[in-house]
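Notes follow once the structure below has been shown.
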Amino acid sequence: MDAAPAQRARKRRPPIPRPSERLANISHKVLTDTLRRAEEDGLVIRTVDPKRIETATLYQLTDLSYSLDAALAALASWTSRNWDKVEAARHSWN
């Protein structure tokens, strides 16, 4: 794997601080497995910070991850426009 993109990502973007705080309803195992898959897919960079004792693992999004911005924005826009229809369809299913 080319280390250059990972190094550029480290320089430009701050680490994601303690993602488990933002994802309180997700089990530690599910979060760990998901982050490992994202790392394998090149979407996050995992680093260990030797200066921190409590939580020494930090995650950063990669350039590949940020390349999803437009697609995710389109999905968010679609969701905003159509969520009422999705909920109505679910309601009529029951």
query: Which pairs do you get when a residue that is under 30 Å from Val44 (Cα atoms), found in the stretch 66-94, comes within reach of a residue that is surrounded by 10 or more Cβ atoms within 10 Å (Cβ to Cβ), reach meaning Cβ atoms under 9 angstrom, with the pair 6+ apart or on two chains?
result: Tyr66/Ala9; Tyr66/Arg13; Leu68/Leu43; Thr79/Val86
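Residue-wise test of (1) loosely packed, with under 10 Cβ neighbours inside 10 Å; (2) acidic (Asp, Glu).
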{"site": "Arg46", "(1), (2)": "no, no"}
{"site": "Asp49", "(1), (2)": "no, yes"}
{"site": "Tyr59", "(1), (2)": "no, no"}
{"site": "Thr79", "(1), (2)": "no, no"}
{"site": "Lys85", "(1), (2)": "yes, no"}
task: Name the helices (runs of 4 or more DSSP H) wholly inside the stretch 1-79 in which the number of residues that are at pLDDT below 90 is 3 or more.
output: 3-12, 19-22, 28-40
- request: Within the stretch 55-75, track down each residue that is closer than 20 Å to Thr34 by Cβ and aliphatic (A, V, I, L, M).
  value: Ala56, Leu58, Leu61, Leu64, Leu68, Ala71, Leu72, Leu75
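The values are calculated or read from the model by the stated rules, or taken from the named source; none is laboratory data. It should be emphasised that the depicted structure is a prediction, and the values quoted were computed from it without experimental measurement. Please note: Cβ atoms are built from the backbone with ideal geometry, for glycine as well, and neighbour counts cover all protein chains shown.
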